[in-house]
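Participant: First the structure, then my questions, so here it is.
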Amino acid sequence: MGEYLKKEMTCAIYIRVSTERQREKFSLPAQEKILVEYAKTKEWDYIFYNEGAGSGETLENRPQIMRLLGDAKAKKFDVCLVIELERLSRDEDLFDWLTIKKTFRDNKIKIATPNQTYDLSDDEDDFLSDLFGALAKREKKKLLKRMKRGSLEAVTRGVYIGNHFRLGYKYDKTTKKLCIVQEEAEVIKKIFELCNAQNLGTVAIAEYLNRNKIPTPLEFAEKKGSYKGKGFKIGSWTGGVVWRLLTNPIYYGVYNYNKVEHKNGKTIGRRPESEWIKQTVEPIISYEEFKTAQDNIKNRAKWADRNTKNEYLLSGLLYCAECESKLQGATFKAYEKKDKDGNLIRDKRGYLIKRWKTASYYKCYGRVKKDCALPYLKTQEIDSKVWKAIEYLVKQPQKALDETIRIKQKELSKAKEIIPDRLKELDKQLDGLIKAEDRLLDAFSMGDLTQEDLKKQMPKIKFRKSRIQGEINSLRLQIAGSNIKEQKLANLSTIKGNIDNFSQKEKQQLLRDALDKVIVYKNGDVDIITILDSPAGEQDKPYEFICSESEPGSICAPR
């Protein structure tokens, strides 16, 4: 299908299919025939965009829609013609739909179907396009639930549902299970042998495989037809690829399905192990070999940790008073002076001349993004101020400290008793609003509710939903924060001995248990807020400190 010169009106004809059901309803040839005939009746010239078969989940995975949006910005057409609105987007959170709408609105482009044309600059048409987008989103949720339920049932019956793009195995369409590919299995065995018998790290193993011209997983996949130019580079072996193979339990015969939770095509978290479905797969190595490899990987991680050169005492605890960003540690190393010929310069005593002394600082993250004016502050000075404050806190009479910790623990426990009941109540309200929203959409779809009534009622429900969801999120954060604080209080209550001889790591742990945050000012003053500070709104704050050099002799005095 060619591209015609613009006369009076030019349209972009966009076609795409995804599910089998859609192929039966509007196949690609059917969409092309209907839309081209419609464009001809309107006497529109047209540019053709054939996405083929693919998911409408994200824009980035659809090259033709990206080309269409680029042409829209270049004003190459006046209207976008699709068989139905959901051909453009059916993503879960409507973000892509809003992106498409904004591009069209900014460039004064209309959206048309054979049944209706939408002018996005018109409030009425804009509302209708959003409404049909919401209906498409709702239908997709139902479809995904049905697909998920069917997948879980199939996996329970022993059907393999997962990545067919897996080194060492291939998918058997007859048995619907994975079977071993012997040539690839030998590579897996070699990798575990190099890790266990020769005690090589992942990078060293990758170098060995590259040196011996062992095909990569993508090269094997290309050979057996699993890989057909999906946008990946064949590349070479890397430490990361080797690590993923060494830590995959499938190679000793266990495949875990339903392990992670996805949203909008992205992994958003790991499910509880009780929700996993374990399948037995033909093993390539023994469990003992797998376990030995995991132990070796952990030991190497410990060794790597010893090589850490710069550890900052207050890492993760410092906040900027100017822009509220976090502070991070930065070390500037000295280096030797050289003459014009590149030779090192020495002083009269024979010592190498340095450009400056190695020095560590805390710097604000906001210096670049927020143009923050907080200067670099020497770590030694800030560390000293905060540590003196914590010494005052911990070295006070033990009885007073224990009593303060007990009171704080009681406050947290009391607050946590109330929150679950409130969460149950809010979850019930949210569920009721979701059902009310569904009923409204059903009523509108069936013609029992007018567009005017829908426009009146839907915003009220959405507003109440957002408020309730915000409160739920806040309460869940409070529970998580209370759990962390309870653990910190328990740790702090065990500090009975002399802290003067603490190692750097012991000091770091004590500070993380005792502090909520440290706020740093331009002049080097710090506000130290401990986990024992009174709740906001109370007058008495016995363990909030301010440290200043402006008052000699009062450094780290309790406020």
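Every number here is computed from the coordinates shown, using simple stated rules; none is lab data. None of these values were measured; they are calculated from a predicted model. Note that each Cβ is placed from the backbone with ideal geometry, even for glycine, and that neighbours are counted across all protein chains shown.
Participant: If each of residue 410 and residue 466 carries a label point 7 Å out from its Cα toward its Cβ, how far apart are those two points in nm?
Facilitator: 4.2 nm
Participant: Please list 3J(HN,Hα) in residue order for the stretch 116-125, calculated via the Karplus relation 6.51 cos²θ - 1.76 cosθ + 1.60 where θ = phi - 60°; whole Hz, with x for glycine and proline.
Facilitator: So the J values, rounded to whole Hz, are 7, 10, 10, 9, 5, 7, 8, 4, 5, 5.
Participant: Suppose the chain between residue 256 and residue 424 were pulled fully straight at 0.36 nm per residue; how much longer would it get relative to their current alpha carbon spacing?
Facilitator: Values: separation 168, 0.36 × 168 = 60.48 nm, distance 3.15 nm.
Length gained between residue 256 and residue 424: 57.3 nm.
Participant: Next up: With a point put 7 Å past each Cα toward its Cβ, work out how far residue 211 is from residue 277 in nm, to one decimal.
Facilitator: Result: 4.5 nm between the two label points.
Participant: A further question follows. Stretched out fully, how many nm does the piece from residue 175 to residue 198 gain, at 0.36 nm a residue minus the Cα gap? Numbers along the way, then the final one.
Facilitator: Numbers: separation 23, 0.36 × 23 = 8.28 nm, distance 3.76 nm.
So the extension gain works out to 4.5 nm.
Participant: Hey, which of these cross-link pairs are over 25 Å Cα-Cα: 326/414; 101/462; 278/435; 42/455; 190/298? Working shown, then result.
Facilitator: Numbers: 326/414 31 Å; 101/462 21 Å; 278/435 34 Å; 42/455 32 Å; 190/298 20 Å.
Cα-Cα > 25 Å for 326/414; 278/435; 42/455; rest within.
Participant: Work out how much length residue 108 to residue 435 would gain on full extension: take 0.36 nm times their residue separation and subtract the Cα-Cα distance, in nm to one decimal.
Facilitator: Full extension of this stretch gives 114.1 nm more.
Participant: Now for a different question. Which distance in nm do the two modelled labels at residue 40 and residue 324 give, with both placed 7 Å along the Cα-to-Cβ direction?
Facilitator: 6.2 nm
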